[in-house]
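Report on the structure given below.
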């Protein structure tokens, strides 16, 4: 196991070994067929749930693993190195649990979190809409109070696990105020009026169901509102900061898989009587790929350490997401080039890796949005170079 992935704790090392073993022994044999046939990998999520992966960074008292984000993200990378679809799914599930875990009342947490974190259920996150992607404050889905229920009407787009999830964490408008008019709701999948459209056809992550979710008079008890009315956008953005680190870990895993495949090919394939890796051109390309994977992983774990210490980490989460996903796109493309004709064929994994990498630059906030978040954090910190640096592990920024 690479040294930059391992923490000193023996328990953490064992957890990562267990996750790696499960991924390689149980998930890897399924990947090619499931992605080719667009089969949703529910059994994979159950297996990871049984190991405790779906609740790793949440409190033990509610059924979670009680692990730090630094450990959780390393486990997530282990999953994504084998199967990106499942890695993304775990990240989405963990993000869907975030509002209840951090903003719910104790009563709500005791009632619903154990099942959500225990691995028997799978979550989805409903924020984006057809006209409100990078600008969530423009959402139109509404939740109207009717006695002791809210009635939700609207359309949510690009929902990962849509039609397969057991619960949906939903942001909906409860007033016309742009930023303080959005609230958060926990909606069971079997609620009448909640309808999943047919899955979207995508260039990658074909095993992951992505759908539009229609809310047609969906009645939700007031008790299922998470946080105060009007607090939803704050909750959504906080969840996204955490979700971005998850996607960075998934992208790092995907890039690692591409690097592994490229190294294997370069050691096996000969040109002019010697292995490709003995030629300077391919060797230097592989070195650049390795540097990109390591830099992405390092940035991701650095953001996680800030979060684990209770320090501001939003800027660093955006840096990690941007760097890791841009690097994954570059590394997977380089793997295809290095493998040549073999890499372009649909029956080789690196062709799939490159298709899967592209969407990671887009979801959880496009990388242009990440650049906006980062630049705003720099502006808030001041114009001096020193004031924008991490100091003693903290980042001088205002959220």
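The values are calculated or read from the model by the stated rules, or taken from the named source; none is laboratory data. The structure displayed is predicted, hence computed values, not measured ones. No Cβ is skipped: glycine too gets one built from the backbone with ideal geometry, and neighbour counts run over all protein chains shown.
Summary table
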{"quantity": "Residue that is within 20 Å of residue 355 (Cβ to Cβ) and either touching a helix residue (DSSP H, G or I) at 6+ places or on another chain (Cβ under 8 Å) or modelled with pLDDT of 95 or more (or both), where the choices are 47, 33, 43", "calculated": "33"}
{"quantity": "Check on residue 143, surrounded by 21 or more Cβ atoms within 10 Å (Cβ to Cβ) and more than 30 Å from residue 61 (Cα to Cα)", "calculated": "yes"}
{"quantity": "Search result, residues across the range 156-166 that are under 10 Å from residue 125 (Cα atoms) and touching a helix residue (DSSP H, G or I) at 6+ places or on another chain (Cβ under 7 Å)", "calculated": "160, 161"}
{"quantity": "Candidate set: the range 171-202, residues that are modelled with pLDDT of 95 or more and in contact with a helix residue (DSSP H, G or I) (Cβ under 6 Å, 6 or more places away or on another chain); chosen: the one nearest to residue 363 (Cα to Cα)", "calculated": "171"}
{"quantity": "Hey, residue 399 over 16 Å from the mean Cα position of the chain (by Cα) and either modelled with pLDDT of 95 or more or in a helix (DSSP H, G or I) (or both) or not", "calculated": "no"}
{"quantity": "All positions within the range 182-211 that are over 20 Å from residue 109 (Cβ atoms) and touching a residue at least 60 places away in the same chain (Cβ under 8 Å)", "calculated": "199, 202, 203, 204, 205, 206, 207, 208, 209"}
{"quantity": "Test for residue 317: is it assigned by TED's automatic domain parsing to the domain that holds residue 257, under 18 Å from the mean Cα position of the chain (by Cα), touching a residue at least 40 places away in the same chain (Cβ under 8 Å) and closer than 25 Å to residue 238 by Cα", "calculated": "yes"}
{"quantity": "Scan of the range 261-280 for residues that are part of a helix (DSSP H, G or I) and without any contact (Cβ under 8 Å) to a residue 40 or more places away in the chain, ordered by number", "calculated": "263, 264, 267, 268, 277, 278, 280"}
{"quantity": "Residue list for the range 63-88, filter: out of contact with any helix residue (DSSP H, G or I) (no Cβ under 6 Å at 6 or more places or on another chain) and either assigned to a helix (DSSP H, G or I) or over 19 Å from residue 21 (Cβ atoms) (or both)", "calculated": "72, 85"}
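Yes or no, residue by residue, for (1) crowded, with 21+ Cβ neighbours inside 10 Å; (2) modelled with pLDDT of 95 or more:
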{"position": "232", "(1), (2)": "yes, yes"}
{"position": "264", "(1), (2)": "no, yes"}
{"position": "269", "(1), (2)": "no, no"}
{"position": "307", "(1), (2)": "yes, yes"}
{"position": "314", "(1), (2)": "yes, yes"}
{"position": "320", "(1), (2)": "yes, yes"}
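Table: residues versus (1) closer than 20 Å to residue 241 by Cβ; (2) surrounded by fewer than 21 Cβ atoms within 10 Å (Cβ to Cβ); (3) in the same structural domain as residue 356 (by TED's automatic domain parsing).
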position	(1), (2), (3)
30	no, yes, no
41	no, no, no
44	no, no, no
47	no, yes, no
71	yes, no, no
76	yes, no, no
